[in-house]
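The values are calculated or read from the model by the stated rules, or taken from the named source; none is laboratory data. Here the structure is a predicted model, which is why all the values come from computation and not from measurement. Because the Cβ atoms are built from the backbone with ideal geometry, glycine has one as well, and the counts that use them run over all protein chains shown.
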Amino acid sequence: MIRAAWDQAFKRSYKKRVRNNSRLKKKFREKMKIFLENPFFPQLRTHKLSGKLAGQWAFSIDDDCRIVFEFVGEDQVLLIDVGSHDEVY
């Protein structure tokens, strides 16, 4: 099982984009549960990023919402950003 830490920027993005959107909040919880069990579960579409985000990864919450994260250990990730495709890339 993976442990997740929330970066300060992630906390701000979460408050701005997810916290007050009940549909997205529910999806966030569902996908985070799956992610913490298996970060490469096919439904998440986890992928490595390139360019200015090289070394980071992302997975999908829904069709347009993504979470950007970084592996910081064998069983720990740092959540960096959450938002639409255009907002986080």
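Criterion first (surrounded by fewer than 13 Cβ atoms within 10 Å (Cβ to Cβ), of a type outside the set (A, V, I, L, M), over 14 Å from TYR14 (Cβ atoms) and at pLDDT below 95) does GLU37 satisfy it?
Working: surrounded by fewer than 13 Cβ atoms within 10 Å (Cβ to Cβ): yes; of a type outside the set (A, V, I, L, M): yes; over 14 Å from TYR14 (Cβ atoms): yes; at pLDDT below 95: no.
Against the criterion (surrounded by fewer than 13 Cβ atoms within 10 Å (Cβ to Cβ), of a type outside the set (A, V, I, L, M), over 14 Å from TYR14 (Cβ atoms) and at pLDDT below 95), GLU37 does not qualify.
Considering only residues that are out of contact with any Phe, Trp or Tyr (no Cβ under 9 Å at 6 or more places or on another chain) and at pLDDT 95 or above, look in the range 56-80 and name the one that is surrounded by the most Cβ atoms within 10 Å (Cβ to Cβ).
SER60
Taking ARG17 and the conditions (1) without any contact (Cβ under 8 Å) to a residue 60 or more places away in the chain; (2) crowded, with 16+ Cβ neighbours inside 10 Å; (3) of a type in the set (Lys, Arg), which numbered condition does it fall short on, given that it satisfies the others?
The one condition ARG17 does not meet is (1).
Could you say whether any residue in the range 22-38 is assigned to a strand (DSSP E or B), in contact with a Leu (Cβ under 8 Å, 6 or more places away or on another chain) and without any contact (Cβ under 8 Å) to a residue 60 or more places away in the chain? Walk me through how you get there before you give the answer.
Let us first name the residues in the range 22-38 that are assigned to a strand (DSSP E or B), namely none.
There is no residue in the range 22-38 that is assigned to a strand (DSSP E or B), in contact with a Leu (Cβ under 8 Å, 6 or more places away or on another chain) and without any contact (Cβ under 8 Å) to a residue 60 or more places away in the chain.
For every residue, the table says whether it meets (1) more than 23 Å from LYS26 (Cα to Cα); (2) assigned to a loop (DSSP other than H, G, I, E, B).
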residue: GLN43; (1), (2): no, no
residue: GLY55; (1), (2): yes, yes
residue: PHE59; (1), (2): no, no
residue: ILE67; (1), (2): no, no
residue: VAL72; (1), (2): yes, no
residue: LEU79; (1), (2): no, no
residue: GLY83; (1), (2): no, no
residue: GLU87; (1), (2): no, no
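Which numbered condition in (1) of a type outside the set (Phe, Trp, Tyr); (2) in contact (Cβ under 8 Å) with a residue 60 or more places away in the chain; (3) in contact with a helix residue (DSSP H, G or I) (Cβ under 8 Å, 6 or more places away or on another chain); (4) surrounded by 13 or more Cβ atoms within 10 Å (Cβ to Cβ) is the only one that MET1 fails?
Evaluating MET1 over (1) of a type outside the set (Phe, Trp, Tyr); (2) in contact (Cβ under 8 Å) with a residue 60 or more places away in the chain; (3) in contact with a helix residue (DSSP H, G or I) (Cβ under 8 Å, 6 or more places away or on another chain); (4) surrounded by 13 or more Cβ atoms within 10 Å (Cβ to Cβ) leaves (4) as the failure.
Considering every residue within the range 58-75, establish whether at least one is polar (S, T, N, Q) and in contact (Cβ under 8 Å) with a residue 24 or more places away in the chain.
Within the range 58-75, one or more residues are polar (S, T, N, Q) and in contact (Cβ under 8 Å) with a residue 24 or more places away in the chain.
If I ask for residues that are over 12 Å from the mean Cα position of the chain (by Cα) and of a type outside the set (A, V, I, L, M, F, W, C), which ones from the range 7-29 would you list?
GLN8, ARG12, LYS15, LYS16, ARG17, ARG19, ASN20, ASN21, SER22, ARG23, LYS25, LYS26, listed by residue number.
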